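Accompanying notes for the structure given below.
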Amino acid sequence: GYHIVGVSRRGYKLEEEPCTLVMPVVTEMTRHSLLGRSFRYYDEIESTNLEARTLAVDGAPEGTVVIAESQTGGRGRLGRRWISPAGKGLLFSALLRPAIPMADAHLLTLVAAVATAEAIEEQSGVRVGIKWPNDLYVADRKVGGILLEVSGEQDEVDWIVVGVGINVNTDYAELPVALRRGAVSLKMVNGAAIDRSELLARILLALERHYVEAVRDGFDRALAGFRSRDYLRARTISVQTREGSVVGEASGIDERGALLVQLPHRHVRRFHAGDVSLHAS
């Protein structure tokens, strides 16, 4: 069960969170939702995105959510390994089947990032920044990320898998040594354990809300939500592309979600892909 302690003038907090997600909490909070129709829960799996992709190909319905306590082969953007101690983070993938052209599919990364940031802020009170195109930052360190995978024809999407990974209750000592300077968990920032079950449900509800609006009305709200949390804006950054490295000042994103970088002589260049890092001055 839950161990709850009183905190002076602040109510109550979790002293110790259950080792596993409490799925009845998640299903109850999402019982009327698209992203609550079908859950696949695993103690351990190679990759939630891989499982969701397999389900998508097999015809699983939109709204299917794959959840795992740990992954043996989790991957982030550019094939980087995603490491999270079992039972300490959130690792899940949602299957979507939007009626949008392939040219718009990448914008759902922004939708997912904004929705996830909103849900984290609502529950933890911690301000979340979004580092283009898909990383979530708290206190200048990475707390999570989004991985979007798409299948379809040029004029129509067949399916999209939105993978989300968040460091929730990971302790500093549990982070791999190589990641300790650049990674953080919500618990490390907030000073208390976060209810992962409630946070998962909140993210799914926010994701559905933003997703439905984006498909119906377009991506203006997602773009605005990203811009208000733009972690890179006005910072000197380095963008690594196939052609080489470009250094300039991050100037936000355009209406298609491309990164804008101001170069010398006030020339602005757009990037639709690339590996971005802060440039040491």
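Derivation of every value follows stated rules applied to the coordinates shown; laboratory data play no part. Everything numeric here is computed off the predicted structure, so don't read it as measured data. Because the Cβ atoms are built from the backbone with ideal geometry, glycine has one as well, and the counts that use them run over all protein chains shown.
Quick notes on this one:
- Summary value for the range 236-278: 38 percent relative contact order, contacts being C-alpha pairs under 8 angstrom separated by 6+ residues.
- Cα shape, the range 62-167, gyration tensor, a/c 1.5 rule: prolate
- For the chain, the number of Lys pairs separated by eight or more positions or lying on different chains, with C-alpha atoms closer than 15 Å, is 4.
- Coupling constants for the range 232-245 follow from the phi torsions by the Karplus curve (6.51 cos²θ - 1.76 cosθ + 1.60, θ = phi - 60°), and in residue order they are 8, 3, 6, 9, 7, 10, 10, 10, 9, 10, 5, 7, x, 9 Hz; glycine and proline get x.
- Shape of the range 236-278, Cα gyration tensor, a/c cut at 1.5: oblate
- FRET efficiency, 1/(1 + (r/R0)^6) with R0 25 Å, evaluated for Thr27 and Arg180 via beta carbons: 0.10
- Here the label points at Asp158 and Arg270, each 7 Å from Cα along the C-beta direction, are separated by 2.9 nm in the simple model.
- In angstrom, the C-alpha Rg and Dmax of the chain are 18.7, 61.
- Residues whose placed amide H lies under 5 Å from that of Ile253, excluding near-sequence neighbours: Leu260
- Measuring nothing but how far apart in sequence close Cα pairs (under 8 Å, 6+ apart) lie, relative to its length, the range 140-225 scores a relative contact order of 22 percent.
- Full extension of the chain between Glu198 and Thr72 yields a length gain of 42.9 nm, computed as 0.36 nm times the residue separation minus the alpha carbon distance.
- Sequentially through the range 168-176, phi angles give Karplus couplings (6.51, -1.76, 1.60; θ = phi - 60°) of 9, 10, 5, 8, 3, 5, 8, 6, x Hz, Gly and Pro residues having no value and appearing as x.
- Contact order normalised by residue count of the chain, Cα under 8 Å, 6+ apart, percent: 17 percent
- Using the rule -39500 (n - 2.57) for each DSSP H run of four or more residues, divided by the residues of the chain, the 222 nm mean residue ellipticity is -8000 deg cm²/dmol.
- Exposure rule at most 14 other beta-carbon atoms within 10 Å, DSSP loop GluC sites (Glu not before Pro): the chain longest free segment: 47-242
- Shape category assigned to the range 172-281 from the gyration tensor of Cα positions, a/c cut at 1.5: oblate
- Net charge of Cβ neighbours under 10 Å - reference Ser70; Lys, Arg +1; Asp, Glu -1: -2
- Cα centroid separation - the range 186-212 against the range 239-281, whole Å: 30 Å
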